[in-house]
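Worksheet for the structure shown next.
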Amino acid sequence: MKLTFTDAALDHAGLLRSDPDWIESQLADRKAQAVLFAGGDLAMDEQGAPLIMRAKYAARLPLKSPGLIFLGLLDGAPWFAGAVEKGVAEKGPDFRQSAIHAPPELASTFGRARSLLMWHREHAFCSNCGEKTVGADAGSKRICPSCQTEHFPRVNPSVIMLVHAGDKCVLGRQPNWPEGMYSTLAGFMEPGETVDAACAREVAEEVHLKVTSVEYVTTQPWPFPSQLMIGLMAEVEPGEVVPDDDLEDARWFTRDEVRMLFNSEIARMMPSHFSIARMLIERWLAAGSD
Ligand SMILES: [Zn+2]
């Protein structure tokens, strides 16, 4: 099964979406759908399902700025998204749960919607001059009417790596995680860094080990709110793990110990198709002969 949020069925229609007449025709299309959010979670209909409705009806609801935004075309059907004003609809379960249970193509579409809507919410003001910005091109950018600066939705690349040497790997845990949960190391890339350099720096900072080789595995968009997780296998020189202050613990694990972690209740809460961390760990388990 593909990782959640990686299904690329949605056509963003980048060459068409800046044409207001085309967007109008898409809104009027009988197949046009809108997915609605309440806060950072999907809004819920009376049956407790994600609130999805004909786009032209959604456009009449009280929506937060910038109103309905265009997401793309899914099997030829236009998809839009909007964030309802308070009191318009009930908030559904935590977005992670909604995404875990959604069909893959909808999980990706909902993830794109969430990242874009949260970006709009957090970029109401121009970072150049401080004036209020307005949404443009059906939500694919914002423009400052005062200084004309165009602002585009940003993606924050992060490296996430399974650190290994010989027949052991390193996993860590953060203090706020459920008891007994360990996972891969991860961190944001910094300006001026290659992916390999970011991986080596994060591993050195978090567990004080020296990376000797980096293997790229895959990427996963992560709409919390808008990361791109770059999944890596990082081979290190064997040595003592010294966890950074941010980590509650980090240590070496054998494959048998990792398999025991996966038999826990925590692992069952986080299915393997949802988490790139788990996918990297499973890849390492599968590569072992012990
Ligand atoms: Zn400005």
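The values are calculated or read from the model by the stated rules, or taken from the named source; none is laboratory data. All figures in this text were calculated on a predicted structure; none of them were measured in a lab. Counting neighbours? That spans all protein chains shown, and the Cβs are built from the backbone with ideal geometry, glycine included. Surface areas here come from the heavy atoms of the whole protein model, side chains and all, with no ligands, DNA or RNA. Shrake-Rupley method; radii C 1.70, N 1.55, O 1.52, S 1.80 Å.
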One finds the C-alpha centres of the stretch 200-251 and the stretch 56-72 to be spaced, in Å, by 39 Å
Which of the residue pairs Lys2/Lys56; Lys91/Lys132; Lys2/Lys86; Lys168/Lys210 have a Cα-Cα distance greater than 26 Å in the structure shown?
Lys2/Lys56; Lys91/Lys132; Lys2/Lys86
I'd like the antiparallel share, as a percent to the nearest 5, of DSSP beta bridges with both residues in the chain.
75 percent
Post the alpha-carbon centroid distance, the stretch 142-176 to the stretch 83-111, in whole angstrom.
22 Å
Taking only DSSP H segments of four or more residues, each worth -39500 (n - 2.57), what value at 222 nm results for the chain once the sum is divided by all its residues, to the nearest 500 deg cm²/dmol?
-7500 deg cm²/dmol
Candidates Ser272, Ser25, Ser226: whichever shows maximal mean-square fluctuation once the chain is modelled as a Gaussian network with Cα springs under 10 Å
Ser25
Taking a ≥ b ≥ c as the square roots of the eigenvalues of the Cα gyration tensor of the chain, is the shape rounded (a/c under 1.5), prolate (a/b larger than b/c) or oblate?
prolate
For Leu228, the net charge from surrounding residues (Cβ-Cβ under 13 Å; K, R +1; D, E -1) works out to +2
Between 0 and 90°, nearest 10: helix 195-207 axis offset from the chain longest Cα axis
60 degrees
Place a point 7 Å from Cα of Ala136 in the direction of its Cβ. Which residues in the stretch 12-56 have their backbone N less than 12 Å from it?
18
Please calculate the 1.4 Å probe accessible area of His123, with all protein chains present, and give it to the nearest 10 Å².
60 Å²
With a cut-off of 8 Å between alpha carbons and a minimum separation of six or more residues, what is the relative contact order of the chain in percent?
17 percent
So if I take the centroid of the Cα atoms in the stretch 17-38 and the same for the stretch 114-130, what is the distance between those two points in Å?
21 Å
Among DSSP beta bridges whose residues both lie in the stretch 156-287, state the antiparallel percentage, nearest 5.
75 percent
Between Gln47, Gln148, Gln97, find the one with the highest GNM mean-square fluctuation for the chain; connect C-alpha pairs within less than 10 Å.
Gln47
If packing is taken as the average number of other Cβ atoms within 10 Å across a peptide's residues, how do 246-252, 109-115 rank, most packed first?
109-115, 246-252
Relative contact order of the stretch 194-289, please, whole-number percent, based on alpha carbon pairs below 8 angstrom and at least 6 residues apart.
23 percent
Which of Pro157, Pro238, Pro223 moves the most in a Gaussian network model of the chain with Cα springs under 10 Å?
Pro238
Suppose we keep just the DSSP beta bridges with both residues in the stretch 1-85; what percent of those would be antiparallel, to 5?
70 percent
Note down the relative contact order for the stretch 1-143 as a percent, whole number, built from C-alpha pairs under 8 angstrom at least six residues apart.
30 percent
What distance in nm separates the simple spin-label points at Val217 and Met181, each placed 7 Å from Cα in the Cβ direction?
1.8 nm
Amide proton proximity set for Lys141, modelled H, under 5 Å, gap of 5+
Ala136
Heavy atoms of Lys31: accessible area, 1.4 Å probe, square angstrom to 10
110 Å²
